[in-house]
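Colleague: There's a structure below that I have some questions on.
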Amino acid sequence: MRHPAPITTQTATTGLLRRYLFSTDHKTVGLQYFFLSLAAVLVGMVLSLLMRIHIVWPKAAIPFVGEIKPENYLAYLTMHGTLMVFFVLSTAPQSGFGNYFLPLQLGASEMAFPRLNMAGFWITLFAFLVLMAAFFVPGGASLAGWTQYPPLSAVASAGPGQGRGTDLWLLSIGLFCLASVLGAINFITTTLKLRAPGMTLMRMPLTCWTWFVTAILTVLAFSVLLAAAIMLLLDRNAGTSFFVPAGLVISGAAVDHHGGSPLMWQHLFWFFGHPEVYIAILPGMGMTSHLLSVFSRKPVFGYKAMVWATIGIGALGFSVWGHHMFVSGMSPYAGFAFSTLTTAIAVPSAIKTFNWLGTLWHGRIRFTVPLLFSIGFVSLFISGGLTGPMLAQPALDVYLHDTYFVVAHFHLIMAMAGVFAIFSATYFWFPKMFGRMMDQRLGALHFWITFLGAYAIFMPMHLLGAAGNPRRYSELTGVQYVAAMTPLHRFVTVAAIITIAAQFLFLVNFFWSMFKGAPAGENPWQCTTLEWRLPSPPPRHGFGDNVPVVNHGPYEYSSPGLSSQAAASDFLMQDAAANP
Amino acid sequence: MPRISEHVGIERKPKLGGGGPGKIPHRHGYGGGDDGDHGEPDDFLSTKDRLRRYRIGMVVTIIALSTFFAGLTVAYFLRLSVTHWDRDLQKTVRDLRPLALPYARLFVNTFILLVSGITLELSRQGLLAKSEFAAMGIAPPRFKTELPWLGITVVLGFAFLAGQIMVWNILRHQGVYFSANTRSGFFYLLTGSHAVHLAGGLLVLLWALVASSVRMRFESRQIAVEVTAWYWHFMGVLWIFIFALMHFSRG
């Protein structure tokens, strides 16, 4: 049934600042987060390019940067990790797309706390600027990796970048924690209280389910990181000794701390850090389930199982943090416990994977660009995920920890799969956000180069790691057995250069299509969920007073009953009449 | 529509859409008969729904804060168990020193905080009763029931914070600084974090108090006091927990 004329209230009374900058509109806030992530990913990509070039051509003088010294390399890898994990993977899927589409998919007209939403974005932006400032202070950015282990991170004299650079890092991440929790409060309240009539929890699209569980994880995990960051800041600036033990001598000078425990930081950080990687990947999983269903013209295989698997992954994710600490000297019995729990997490993950395959099986698949990226997600998730149970065994991890094997694992499963989910969401929802289609051929080209590039970059790293190439080393060309691996490193670097260059295809496609793309209708993908009821782009107040009433589940594609009508379509919108 | 300084939150009827299947009124109603742009960004639901929404938001906030303080508490327990090898004594020792808390001042502060919880609860219930009258269409008189109790709560809140500063001063005069040892560090950190969070809640209460003299909707004030009351009670329970924790682990 056609939707009545949109409720547009675009009077000229709201100025530019109110509409585009300080807007409480969830759509604007979502786009703001998205563009912040875009800026962060570009900086992160450039940093990774600099790192890869340095590994293979250590003495190269790079324009604008000069020669990359060891402290520069370490600063780049720290900031690359921080930017990508926090400002890209924890921001774009959840705060970016979630803010834009959660209310729309639930049939709400706004998020629960619009002003809090706006405040959350501005705090995140401020955190990003504080982090970027670390590059420009004396000493430069921090060297300690995104994990910031003390005592290296706790003592300002421990190296360049460990002074103000680290203080800025901690301040930035503290602000990011606060903003994330504020956003999560919004998501949880919206999901619980603002669903349209008829939208039961089990009728929510899986994207909404994953945004919901991710928000719960955020609330529980980020607070612990904030506590740890505050303690580290106090150790650095207030003379306390939460993490710094007695008897340290750094650069010839005895450090004036006593009684702290560096291991405590690891516990606190990884208690946050492991749920963090699920925060990064769960929205992507929801996105993938959603898109595989839409483009196979089939319901999600095992919707309830997917919901319970999501909840299971979220819950179990809090119990496995010790698998990042197998080599820290903890008791082997603790190692056994963490190992068992980590392997247990493979069960709900496998359920999800098989259900994705089951969704595709015998579907009438439409090979659109969003679908390509979703299939890419599944492929990369499997490839990266299979090395997880390997690393979960302490006997193997003792050897593979801090090698390129781990780098390969998390890049494939988190970076590549997560980024593919962001790409698929972008190509999928671009028509709704901007009213125009992205170019599909350019998108397909972007997919193939990025997909093959991802494998070309990270698959060889398994071999490098197994052969003993350690990570976070600026230069190992002087070491015999590592120098022998240089040809493989060269291959990886060349693949990285090509893949990064291919991202320009995406950028060009994105910005060109915003203005010149083919006009998209209300529902170009023929999708059942509520956001496709609204005009593209949606009006200021979304559904406003015309509250949709939901009568169907979110994945009514090719339902048996549909063939009985003179059906022009093979799908049923969620708010279509109850008995069509 | 002219801006009235005290809006009484009467249930508003939903505006129906242009027909078609499925367009039945939401049982709680959607606010407004115009485009919804009242100037209040979250003014798209009735009073009762707004209150429920803010309550859930506060519950989630309290959960987040619990996790934060749980993290600090776990860190404290971890640190209490840290030992090091003493070469002279040739055994593992703990380098913990006992913490002598100024109990007199702390008990006074605790009493002040608990009383403030009671007065805030009285204020909250007064406002709730007032809003129920308002929902029935009876506009109750202004400045009745809530202001005295709310004012007393704010005064007691400031008194608690002043008392905490006094406690820290007592400890400082005894030479127990932030960085002195494990227990002192965590004492300052836990009580300091608690005080900072309490101050935030106090600011909201202060704003609700003075907002009646500037143009602010009654409904917003009632919601502010209601959810801040929950937050305040959580701060009270948290304080008792922190006090008990530092006492029983004083060494």
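Colleague: Being within 20 Å of A:PHE447 (Cα to Cα) and part of a loop (DSSP other than H, G, I, E, B) is the filter here, so list the residues in segment A:473-503 that pass it.
Modeller: Correct list: empty.
Colleague: I would also like to ask the following. Mind listing whichever residues of segment A:289-318 are among the hydrophobic types (A, V, I, L, M, F, W, C) and in a loop (DSSP other than H, G, I, E, B)?
Modeller: A:VAL300, A:PHE301, A:PHE318 - these are the residues of segment A:289-318 that are among the hydrophobic types (A, V, I, L, M, F, W, C) and in a loop (DSSP other than H, G, I, E, B).
Colleague: Residues to consider are A:GLY239, A:GLY259, A:GLY252, A:GLY284; find the one that is more than 10 Å from every other protein chain (Cβ to nearest Cβ) and modelled with pLDDT under 90.
Modeller: Working: A:GLY239 fails: more than 10 Å from every other protein chain (Cβ to nearest Cβ); A:GLY259 fails: more than 10 Å from every other protein chain (Cβ to nearest Cβ); A:GLY284 fails: modelled with pLDDT under 90.
Result of the check over A:GLY239, A:GLY259, A:GLY252, A:GLY284: A:GLY252.
Colleague: Could you run through segment A:323-335 and say how many residues are closer than 12 Å to A:LEU391 by Cα and either within 22 Å of the chain's Cα centre (by Cα) or not in a helix (DSSP H, G or I) (or both)?
Modeller: Result for segment A:323-335: 3.
Colleague: Looking at (1) buried (at least 22 other Cβ atoms within 10 Å of the Cβ); (2) aromatic (Phe, Trp, Tyr); (3) within 18 Å of the chain's Cα centre (by Cα), which is the only condition A:PHE35 fails?
Modeller: With (1) buried (at least 22 other Cβ atoms within 10 Å of the Cβ); (2) aromatic (Phe, Trp, Tyr); (3) within 18 Å of the chain's Cα centre (by Cα) applied to A:PHE35, the lone miss is (1).
Colleague: Could I ask something else about it? What's the total number of residues in segment A:511-550 that are charged (D, E, K, R) and within 14 Å of chain B (Cβ to nearest Cβ)?
Modeller: Summing the residues that are charged (D, E, K, R) and within 14 Å of chain B (Cβ to nearest Cβ) in segment A:511-550 gives 3.
Colleague: Here is a check on your reading of the model: is A:PHE410 out of contact with any helix residue (DSSP H, G or I) (no Cβ under 8 Å at 6 or more places or on another chain) and either under 18 Å from A:ILE281 (Cα atoms) or not in a helix (DSSP H, G or I) (or both)?
Modeller: Spelling it out, it is not the case that A:PHE410 is out of contact with any helix residue (DSSP H, G or I) (no Cβ under 8 Å at 6 or more places or on another chain) and either under 18 Å from A:ILE281 (Cα atoms) or not in a helix (DSSP H, G or I) (or both).
Colleague: Is there a residue being crowded, with 18+ Cβ neighbours inside 10 Å, β-branched (Val, Ile, Thr) and either outside the structural domain of A:ALA40 (by TED's automatic domain parsing) or closer than 15 Å to A:VAL43 by Cβ (or both) anywhere in segment A:126-149?
Modeller: Among the residues of segment A:126-149, at least one is crowded, with 18+ Cβ neighbours inside 10 Å, β-branched (Val, Ile, Thr) and either outside the structural domain of A:ALA40 (by TED's automatic domain parsing) or closer than 15 Å to A:VAL43 by Cβ (or both), which makes the answer yes.
Colleague: Mind checking which residues of segment A:457-470 are crowded, with 17+ Cβ neighbours inside 10 Å and not aromatic (Phe, Trp, Tyr)?
Modeller: Hits for segment A:457-470 are A:ILE457, A:PRO460, A:MET461, A:HIS462, A:LEU464, A:GLY465, A:ASN469.
Colleague: Only helices (runs of 4 or more DSSP H) wholly contained in segment B:146-250 count here; list those with 3 or more residues that are within 14 Å of chain A (Cβ to nearest Cβ) and without any contact (Cβ under 8 Å) to a residue 40 or more places away in the chain.
Modeller: Details: elements: B:147-173, B:182-210, B:218-248.
The qualifying helices (runs of 4 or more DSSP H) are B:182-210.
Colleague: Same structure again: Of all residues in segment B:57-68, how many are in contact with a Leu (Cβ under 7 Å, 6 or more places away or on another chain) and either modelled with pLDDT under 95 or polar (S, T, N, Q) (or both)?
Modeller: Filtering segment B:57-68 down to residues in contact with a Leu (Cβ under 7 Å, 6 or more places away or on another chain) leaves B:67-68.
Next cut, either modelled with pLDDT under 95 or polar (S, T, N, Q) (or both) only: B:67.
Final tally of qualifying residues: 1.
Colleague: Assess whether A:SER180 counts as being under 17 Å from the mean Cα position of the chain (by Cα), among the polar types (S, T, N, Q) and either facing chain B (nearest Cβ under 9 Å) or within 18 Å of A:GLY314 (Cα to Cα) (or both). Can you show your working first?
Modeller: Numbers: under 17 Å from the mean Cα position of the chain (by Cα): yes; among the polar types (S, T, N, Q): yes; either facing chain B (nearest Cβ under 9 Å) or within 18 Å of A:GLY314 (Cα to Cα) (or both): yes.
So A:SER180 passes the test.
Colleague: Let me ask you something else. Identify all residues within segment A:431-449 that are in a helix (DSSP H, G or I) and surrounded by fewer than 24 Cβ atoms within 10 Å (Cβ to Cβ); write none if there are none.
Modeller: Residues satisfying the conditions are A:MET433, A:PHE434, A:GLN440, A:ARG441, A:LEU442, A:ALA444, A:LEU445, A:TRP448, A:ILE449.
Colleague: So, B:LEU45, is that one hydrophobic (A, V, I, L, M, F, W, C), touching a Leu at 6+ places or on another chain (Cβ under 9 Å), under 29 Å from A:ILE185 (Cα atoms) and modelled with pLDDT under 85 or not?
Modeller: yes
Colleague: While we're looking at this one, here's another question. Any residue at all in segment A:272-279 that's more than 10 Å from chain B (Cβ to nearest Cβ) and at positive phi?
Modeller: No: zero hits.
Colleague: Hey, any hits in segment A:254-271 for a residue that's assigned to a helix (DSSP H, G or I) and either of a type in the set (S, T, N, Q) or assigned by TED's automatic domain parsing to the domain that holds A:ALA421 (or both)?
Modeller: Among the residues of segment A:254-271, at least one is assigned to a helix (DSSP H, G or I) and either of a type in the set (S, T, N, Q) or assigned by TED's automatic domain parsing to the domain that holds A:ALA421 (or both), which makes the answer yes.
Colleague: Of all residues in segment A:189-225, how many are among the β-branched types (Val, Ile, Thr), under 21 Å from B:ILE62 (Cβ atoms) and buried (at least 22 other Cβ atoms within 10 Å of the Cβ)?
Modeller: Kept after step one, since they are among the β-branched types (Val, Ile, Thr), are these residues of segment A:189-225: A:189-191, A:200, A:207, A:210, A:213-214, A:216, A:218-219, A:224.
If we keep only those that are under 21 Å from B:ILE62 (Cβ atoms) as well, we get A:189-191, A:213-214, A:216, A:218-219, A:224.
Those still in the list that are buried (at least 22 other Cβ atoms within 10 Å of the Cβ) too: A:189-191, A:213-214, A:218-219, A:224.
Selection size over segment A:189-225: 8.
Colleague: Only one of (1) more than 10 Å from chain B (Cβ to nearest Cβ); (2) surrounded by fewer than 19 Cβ atoms within 10 Å (Cβ to Cβ) fails for A:THR166. Which number is that?
Modeller: Only one criterion in (1) more than 10 Å from chain B (Cβ to nearest Cβ); (2) surrounded by fewer than 19 Cβ atoms within 10 Å (Cβ to Cβ) is unmet by A:THR166, namely (2).
Colleague: Pairs only if they're at least six apart or on different chains, beta carbon under 8 angstrom, first in segment A:240-264 and at positive phi, second hydroxyl-bearing (Ser, Thr, Tyr); list them, first residue then second.
Modeller: Correct list of pairs: A:SER251/A:SER157; A:GLY259/A:SER241; A:GLY259/B:THR182.
Here's the yes/no breakdown for (1) charged (D, E, K, R); (2) outside any loop (DSSP other than H, G, I, E, B); (3) closer than 20 Å to A:MET433 by Cα; (4) in contact with a Gly (Cβ under 6 Å, 6 or more places away or on another chain):
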| residue | (1), (2), (3), (4) |
| --- | --- |
| A:PHE511 | no, yes, yes, no |
| A:TRP532 | no, yes, yes, no |
| A:SER536 | no, no, yes, yes |
| A:HIS552 | no, no, no, no |
| A:GLY561 | no, yes, no, no |
| A:MET573 | no, no, yes, no |
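The values are calculated or read from the model by the stated rules, or taken from the named source; none is laboratory data. All values reported here derive from a predicted model rather than from experimental measurement. Glycine gets a Cβ as well: all are built from the backbone with ideal geometry, and neighbour counts include every protein chain shown.
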